[in-house]
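Report on the structure given below.
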Amino acid sequence: MTKSQRLFEIYRTGLVILIALLLSLVIILLVSDVPGEAMKLFLTGPLDSLRHFGNVLEMMVPLLFTGLAISVMFSASQFNLGAEGAFFFGAIGAAFIAVNWNLPPVIHPMVAILWGGIIGSVFCGIPGFLKIKWGSSELVSSLMFNYIAYFFGLYLINYFLRDVNAGAMVSYPFAESAKLIRIIPKTRVHFGLIIAALAVVFTAVFLHRTRWGYRIIVIGRNIRFAKYAGINTDRAILLSQVLGGFIAGAGGSIEVLGLYRRFTWQLLPGYGWTGIIVAILARNNPIYIPVAAFFLAYMRIGADIMSRSTDMPNEFVAIIQGLIIILIAASSFLAKQRHKMVVKEAML
């Protein structure tokens, strides 16, 4: 992809976001009895205090990890939707280490995160293996595996980690040595934000500066050409699934160790599904993942603040996400402008 094509895609995505926001503001005008107050809280609420902006950064962390995981798997044109299950199951693996092991403060969370990542890599690697071995659809198998992760995970919590004195199906408290430290005072922003930034850099370097990453990208663009060029496509596809699963599993581990005192999730957290939107907005480019994750986190916190003070429901943000997906997925959107640009470049 040329520089002008990349700039065009950035312009196209920005225009999509702007159109979605404008349509959403129109909906607020039509539905709310206090549209001015609702718009103000939605657009500026996350910036009105350090605590609210901290909430944005807190939500940004899991979206960064799931967005990165999805972008790696999608870069190989493999529509593995297992990031949700890997995120959940990786968190349970980290909870097991945090409850049962006694390690020094710095080493303890590192081991828990590594273990959660390994669990996530195995989880997402299975659909990739099934695709390579028997040609099964990774889309269907990974989607079903999410529910296996959910119900098997709850079984593990209920029968092996459950605190019977807590009055709910939650794990025993995590060891203090396993928790991630807070890095911004008066907020819950934890060290996981720094790990997420390092993960972005690692993923970008891997995909764009290593031969394995190059193979994954070539397979995603044209698998027939990759086979003709002698690339071991099966191995590269499996690597993309394993790496994506590791990132998602590590993200789930960081989320529970950074924000929770014990494992309390009763439902799938949903970050894996939102990670798909993050990856789509970023065009599977790790460099743009933080921008997309911040945007969606900002919208969610803004919608939450708006719903607590006005008559607009919190689910309003789902409308914006749906509009963004529809417009980005519409291949004909700005197709004429793109065609003119390509023709103009060809004539130079």
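Return the only residue of TYR271, TYR288 being surrounded by fewer than 24 Cβ atoms within 10 Å (Cβ to Cβ) and either hydroxyl-bearing (Ser, Thr, Tyr) or not assigned by TED's automatic domain parsing to the domain that holds MET73 (or both). Break it down stepwise before answering.
On the way: TYR271 fails: surrounded by fewer than 24 Cβ atoms within 10 Å (Cβ to Cβ).
Just one listed residue meets the conditions, TYR288.
Candidates ALA318, ALA282, ALA346: the one that is more than 22 Å from PHE88 (Cα to Cα), surrounded by fewer than 16 Cβ atoms within 10 Å (Cβ to Cβ) and either out of contact with any Lys or Arg (no Cβ under 8 Å at 6 or more places or on another chain) or modelled with pLDDT under 75 (or both) is ALA346. Of the residues screened, ILE301 is one that is modelled with pLDDT of 90 or more, crowded, with 19+ Cβ neighbours inside 10 Å and not aromatic (Phe, Trp, Tyr). Which is small (Gly, Ala, Ser) and either without any contact (Cβ under 8 Å) to a residue 40 or more places away in the chain or farther than 27 Å from ALA98 by Cβ (or both), of GLY135, GLY125? After applying the criteria, what remains is GLY135. Within the option set ILE237, ILE231, being modelled with pLDDT under 95, among the β-branched types (Val, Ile, Thr) and crowded, with 21+ Cβ neighbours inside 10 Å holds for one residue only, ILE237. Residues that are more than 17 Å from ALA91 (Cα to Cα) and hydrophobic (A, V, I, L, M, F, W, C) were ranked within the range 160-175; the one that is nearest to the chain's Cα centre (by Cα) is ALA168. Reported count of residues in the range 116-153, each being buried (at least 20 other Cβ atoms within 10 Å of the Cβ), among the aliphatic types (A, V, I, L, M) and either under 14 Å from ALA250 (Cβ atoms) or not assigned by TED's automatic domain parsing to the domain that holds GLY192 (or both), is 1. Before we move on, is LYS179 closer than 26 Å to ARG261 by Cβ, surrounded by 13 or more Cβ atoms within 10 Å (Cβ to Cβ) and charged (D, E, K, R)? Yes; evaluated as a whole, the condition is true for this residue. Filtered by the rule that a residue be buried (at least 17 other Cβ atoms within 10 Å of the Cβ) and within 23 Å of LEU81 (Cα to Cα), the range 155-174 gives a lone residue, LEU156.
Could you check how many residues of the range 28-78 are in contact with an Asp or Glu (Cβ under 6 Å, 6 or more places away or on another chain) and over 27 Å from GLY258 (Cβ atoms)? Please lay out each step first, then the result.
If we filter the range 28-78 for residues that are in contact with an Asp or Glu (Cβ under 6 Å, 6 or more places away or on another chain), which is where we start, we get 32-33, 62, 78.
Filter once more, so that each one left must be over 27 Å from GLY258 (Cβ atoms): 32-33, 78.
Of the residues in the range 28-78, 3 are in contact with an Asp or Glu (Cβ under 6 Å, 6 or more places away or on another chain) and over 27 Å from GLY258 (Cβ atoms).
Among residues of the range 234-251 that are in contact (Cβ under 8 Å) with a residue 40 or more places away in the chain and part of a helix (DSSP H, G or I), those with a beta-carbon under 8 Å from a residue that is surrounded by fewer than 24 Cβ atoms within 10 Å (Cβ to Cβ) and basic (Lys, Arg) at least six positions away or on a different chain give the pairs ALA236/ARG215; ILE237/LYS131.
Being over 13 Å from ALA318 (Cα atoms) and touching a helix residue (DSSP H, G or I) at 6+ places or on another chain (Cβ under 8 Å) is the filter; apply it to the range 13-22 and report the residue that is surrounded by the fewest Cβ atoms within 10 Å (Cβ to Cβ).
Restricting to residues being over 13 Å from ALA318 (Cα atoms) and touching a helix residue (DSSP H, G or I) at 6+ places or on another chain (Cβ under 8 Å), the top hit is ILE19.
Residue by residue, here is whether (1) outside the structural domain of PHE191 (by TED's automatic domain parsing); (2) in contact with a Ser or Thr (Cβ under 7 Å, 6 or more places away or on another chain); (3) polar (S, T, N, Q); (4) in a helix (DSSP H, G or I) holds:
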| residue | (1), (2), (3), (4) |
| --- | --- |
| PRO46 | yes, no, no, yes |
| PRO62 | no, no, no, yes |
| PHE89 | no, no, no, yes |
| ASN102 | no, no, yes, no |
| PRO109 | no, no, no, yes |
| LEU114 | no, no, no, yes |
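Take the residues of the range 74-106 that are among the aromatic types (Phe, Trp, Tyr) and farther than 23 Å from MET144 by Cβ: which is surrounded by the fewest Cβ atoms within 10 Å (Cβ to Cβ)? Only one residue fits best here, namely TRP101. Exactly one residue out of GLU37, GLU58 is part of a helix (DSSP H, G or I) and touching a Lys or Arg at 6+ places or on another chain (Cβ under 6 Å), and it is GLU58. Quick one: would you say THR187 is among the β-branched types (Val, Ile, Thr), in contact with a Leu (Cβ under 6 Å, 6 or more places away or on another chain) and either in the same structural domain as GLY249 (by TED's automatic domain parsing) or not in a helix (DSSP H, G or I) (or both)? Against the criterion (among the β-branched types (Val, Ile, Thr), in contact with a Leu (Cβ under 6 Å, 6 or more places away or on another chain) and either in the same structural domain as GLY249 (by TED's automatic domain parsing) or not in a helix (DSSP H, G or I) (or both)), THR187 does not qualify.
The values are calculated or read from the model by the stated rules, or taken from the named source; none is laboratory data. Please read these numbers as outputs of a predicted model, since none were measured by experiment. Cβ sites come from the backbone with ideal geometry, for glycine too, and all protein chains shown count toward neighbours.
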